[in-house]
Structures are given as C-alpha cells and as structure tokens.
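Report on one structure; see the data block that follows.
The values are calculated or read from the model by the stated rules, or taken from the named source; none is laboratory data. Everything numeric here is computed off the predicted structure, so don't read it as measured data. Positions of Cβ are backbone-derived with ideal geometry, glycine not excepted, and every protein chain shown enters the neighbour counts. Keep in mind that these areas ignore ligands, DNA and RNA; they rest on the heavy atoms of the full protein, side chains included. Shrake-Rupley method; radii C 1.70, N 1.55, O 1.52, S 1.80 Å.
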Amino acid sequence: MDSWVGHEVPRLPGRGAPLRLFDSARQGVHPTDPDGPATMYVCGITPYDATHLGHAATMIAFDLVQRMWRDAGHEVRYVQNVTDIDDPLLERAARDREDWKVLAMRETALFREDMEALRIIPPAHYVGAVESIPDIVEKVLVLLKDGAAYRLEDGTGDVYFDISAAPRFGYESQLPRARMRELSAERGGDPDRAGKRDPLDPLLWRGARDGEPSWPGGDLGPGRPGWHIECAVIALGLLGATVDVQGGGNDLLFPHHECSAAHVERLTGVAPFAGHYVHAGMIGLDGEKMSKSRGNLVFVSRLRADKVDPMAVRLALLSGHYRADRSWTDDLLVTAEQRLDRWRRAAAAPAGPSGEAFLAGVRERLADDLDSPGALRLADEWAERTLAGTADDPTAPPLFATTLDALLGITL
Ligand code: 5CA
Ligand code: ZN
C-alpha cells in the first residue's frame, strides 16, 4: 500500500540525546537503546471513518519518537498498518450500503492527506491487512502445526490461539484476569464463545461466512484474518523478531498488543517482542474518549476544510503530554494559534537569546519521555525574550525555527 509523501527534516548541529520512554510492560521510563537501525511498529487506522484528533495525537507522539531517534543519529525503520478488513469496516459499509473496499480506500486516502498536512514522517512500509493475508495464513498454519492454535469444532473453520502456549501471557498489561476478560469483550474479543479452551483465546482466522468477503487460506480453508495476528505478522515480516518500540493508543494495550506480542514470541521463541511497549493517551471530547463508535469526533479533515492551520492543530495536540488521557477543546486551538503567531514573529526577529541553549533544552525535554509541554514552554520563553528585544545573537532565530521543525515537526 502506498504511504504518504514526507517533508524534508532539517539536520541540526551536534547530536541529540538518547531517548527515554515509558514502557508499559515495566511500568517505568527506560532508555531506548537501538542496536543498529531503530525499529518501530505503530498500529494504524481501521479506515471506516475519517482521521480524528485522537488518531492524529497518537501519530504525532510516534512521529516525535522517530524525530528523536534520527536526531540521535539512528537510521529508523518504521512500519505502520492499515486494518483494511475487519468487522467494524464491514458493519459501517453495510449500514451505509456502501462497498467496504471503496470505503476503506476513501478513508485511507483521507488519512494520508491528513498525515501529510500534519507533517508526520511517513513509515517506510505502510501495509494493509488484505495484502498480508498470504503471510498471515502461513503463520497461522505454523501455529496450528506447533500446537499453539486450534480449530473450533463447530464447523465454522474458525481458528484460535491457545494462550497457554504463551506462558508469559499478561506480562505486558499486567491486568487481573477478570479485567482482561472485560476488556476482551469490549475490544473485539469473544470471551463467551462456546468451544474455546480459554475465554481469552484470540481469533486467528475466521472461516468464510455467507455475505462476508473471504480469501483462500490453503489448509485453513477460505476466510479472513483475526486482528492481533495481522499486526504480529506484518511486524515480524518487515522488522524481524523484535522491535525497539511497539506503539499505539492505550486502548490497544489489552488485548491487542498483549496478543500480538504473544503471537510473535510463540512464532520466534524470542521474548520480549518489543523493547518498549509505548501507549499514547486517549483524546476525548467533553470528558468522553473520542471514538468512532461514540460519534463524538473532531476530524482533522474538517478542521483543514475550515482553513485551520494544521501546524496549530499539531501544536495544540503537543501542548499535552502524549501519555495523558486528555480532552480536546476549542481553547486549545486558540492558544496554539496565538503561540504560533508569537513564535513566527520571534523567528523573524533580527536576533534572540542563544539558539544553542534552546536546542539543548528542547533535546533534553523530549529525551525525557517526550515532554512536549516542557519543550513548548522553552519555546515560549525564548520567544518572549526575543520579542522583548534584549538579546543579541543573530544566529538564534533561524536555529529556533530549525529546532522546532526538526524535533517537533512545526514549521513556522
Ligand atoms: N487498526 C487498529 C490498530 S491495529 C485500530 O485501533 N484502529 S483505530 O482506527 O481505531 O485507531 C488507530 C490508532 O489511533 C490506534 O493506534 C489507536 O490506539 C489510536 N486511537 C484511537 N482512538 C484514539 C483516541 N481517542 N485518542 C488517541 N488515540 C486513539
Ligand atoms: Zn495493531
């Protein structure tokens, strides 16, 4: 699948600090220490609706990871998926009497435009579930042969992963079983389905049903892939047995990331799958998580249509810490627009306080688990002193602008 078009990322003088990130599995901030190229897999959209500010915030968080790694001198290998076949897509298409493929194509195209406008560095591989089906089939057959998966005996052809084949299951989310069961039911699982060995066993392959699309599955029979195995197989195929960062919103910690890590680990025998399991907070509106099913969405494309500056949208989302669940408000956008205006005026000034000190400060803030609010405060202080006209370094304004561009993805 085509990715989107990236913008040039300027190089900064010197070298950035090693990035420290919060790892959900260890419940603490630890250094990322990529050995060779830094690798990251981020869970992308299910394209049944337009990109909302929650998706945008999550993509921006991982964009900062990539920027920090590049600044620290790493080559970055970044993969993102598109869940272009899954129940929610089929349900929405049926509701709107639309072809599910056309719906997926249209929303994916809009997502690409939104990402480009928000200056998100594109992944090297942007991969759909559908195009990955042959690889998924191969891996599900391996799991079956290996005794880590089983076919339900109800004639559906459905295949499940046996979580007892993953002895460390639960290490990532560390949730009590009762909570896992609740979350499984809420987030696409089927704990109450008869015939499963364990209520938490996730679906690997759904046998073909009348009226649903299906693909050849070799010895599995025709069907379509489950959700967690999609991300497991795409990540494994393009990045190898382990990744430095497995990322997404915190709504994916369980069951999605727990299960996809368990799949990869069982397939490779190497654990943990990710050096860091990184989860962005949920963006809400009026105190509720912004979600397609709740319908309380603010779309990036709607803001663009209203001629809102995408840099103001990016800045508004960066004004909160990526891990915090937080609410979108119109005030956030107004503040971001004012901020941008001040920064633009300051960057156009003939001189300012030390650009090197500003760069060092921003590097230091972002290296500390992406403290973007702290980085924004430093930019505010620099701009304030510049606009007061008391500083005299003529190289500072251009370095201020380049730092914002390279590390925060904000062009003035
Ligand atoms: N296709 C799957 C992942 S494999 C999926 O969750 N798709 S999604 O369209 O629902 O979400 C896309 C990405 O945005 C995921 O990383 C998800 O965790 C994140 N996300 C979804 N809703 C929000 C929200 N309200 N705030 C922040 N991030 C969100
Ligand atoms: Zn995923």
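How big is region 261-325 by the Kirkwood estimate over distinct Cα pairs, in Å?
Evaluated over region 261-325, this radius sits at 14.8 Å.
Report the number of Lys pairs in the chain whose alpha-carbons are under 26 Å apart, with separation of 8 or more residues or on distinct chains. Don't jump to the answer; show the numbers that get you there.
Details: Lys101/Lys139; Lys101/Lys292; Lys139/Lys196; Lys145/Lys196; Lys289/Lys307; Lys292/Lys307.
So the count of such lysine pairs works out to 6.
With all protein chains present, how much of the accessible area of the chain (probe radius 1.4 Å) comes from carbon and sulfur, to the nearest whole percent?
Working: 8370 of 16950 Å².
Summing carbon and sulfur atoms, their accessible area is 49 percent of the total for the chain.
Whole-Hz Karplus ³J(HN,Hα) for region 230-246, in order, using 6.51 cos²θ - 1.76 cosθ + 1.60 and θ = phi - 60°, x for Gly and Pro?
Each residue's phi maps through the Karplus curve to give 4, 5, 4, 6, 5, 5, 4, x, 9, 10, x, 5, 9, 10, 6, 10, 10 Hz.
With every protein chain left in place, what is the accessible area per residue of region 210-305 in square angstrom, probe 1.4 Å?
Value for region 210-305: 34 Å² per residue.
Give me the one-decimal nm value for the distance between modelled label points at Asp341 and Asp368, 7 Å along each residue's Cα-to-Cβ direction.
3.1 nm
Determine the per residue accessible area of region 317-412 with all protein chains present and a 1.4 angstrom probe, expressed in square angstrom. All intermediate terms of the calculation are to be shown ahead of the outcome.
Values: 4080 Å² over 96 residues.
Per-residue accessible area for region 317-412 comes out at 43 Å².
Please state the relative contact order of the chain as a whole percent: Cα pairs under 8 Å, 6+ residues apart?
20 percent
Averaging the inverse of every distinct alpha carbon separation and then flipping it gives the Kirkwood radius. What is it for the chain, in angstrom units?
22.3 Å
Provide Asp219, Asp251, Asp71 ordered by accessible surface of protein heavy atoms (probe 1.4 Å), highest first.
Output order, biggest surface exposure first: Asp219, Asp251, Asp71.
Would you mind checking the tilt of helix 258-268 against the longest principal axis of the Cα atoms of the chain, expressed as 0 to 90 degrees and rounded to 10?
Rounded to the nearest ten degrees, it is 70.
Between 0 and 90 degrees, rounded to the nearest ten: what's the tilt of helix 100-117 against the longest Cα principal axis of the chain?
Orientation of helix 100-117: about 20 degrees from the principal axis.
Nearest-5 percent of antiparallel DSSP beta bridges in the chain?
Antiparallel: roughly 45 percent of the beta bridges in the chain.
Let me know the charge dipole size of region 66-203 about its Cα centre in debye, to the nearest 20, where only the beta-carbon of Lys, Arg (+1) and Asp, Glu (-1) is charged. Write out the running numbers ahead of the final one.
Values: 21 positive and 28 negative charges, 84 e Å.
Rounded to the nearest 20 debye, it is 400 debye.
Could you list which residues have their amide H under 5 Å from that of Gly217, counting only those 5 or more apart in sequence or on another chain, with H placed in the peptide plane?
Gly223
Give me the angle, in degrees from 0 to 90, between the Cα long axis of helix 372-387 and the longest principal axis of the Cα atoms of the chain, rounded to the nearest 10.
The angle comes out near 20 degrees.
Given H placed 1.01 Å from N in the peptide plane, which residues other than close sequence neighbours of Arg326 have an amide H under 5 Å from its amide H?
Amide H neighbours of Arg326: Met282, Ile283, Gly284.
How large is ³J(HN,Hα), in whole Hz, for each residue of region 277-284 in order, when computed from phi with the Karplus curve 6.51 cos²θ - 1.76 cosθ + 1.60 and θ = phi - 60°, using x for Gly and Pro?
Along region 277-284, the couplings run 9, 10, 10, 7, x, 8, 8, x Hz.
Assuming R0 = 51 Å, can you tell me the calculated FRET efficiency for the pair Asp198 and Ala124, based on Cβ-Cβ distance, to the nearest 0.05?
After rounding to 0.05, the efficiency reads 0.90.
If you restrict to DSSP beta bridges whose two residues both lie in region 1-159, what percentage is antiparallel, to the nearest 5?
35 percent
Counting Lys and Arg as +1 and Asp and Glu as -1, each charge on the Cβ, what is the dipole of the chain about the Cα centre in debye, to the nearest 20?
320 debye
Points 7 angstrom from Cα along the Cβ direction at Thr329 and Lys101: gap in nanometres?
With each label placed 7 Å out from Cα toward Cβ, I get 4.7 nm.
DSSP loop (so not H, G, I, E, B), at most 15 other Cβ within 10 Å: list which GluC sites (Glu not before Pro) in region 95-202 pass both filters.
Hits after loop and neighbour filter: Glu98, Glu153.
Quick one: what do you get for region 78-150 if you divide its Cα Rg by 2.2 N^0.38 Å?
Here the answer is 1.40, to two decimals.
Along the Cα→Cβ direction, 7 angstrom out, place labels at His30 and Arg168. What is the inter-label distance in nm?
A separation of 0.9 nm, rounded to one decimal place.
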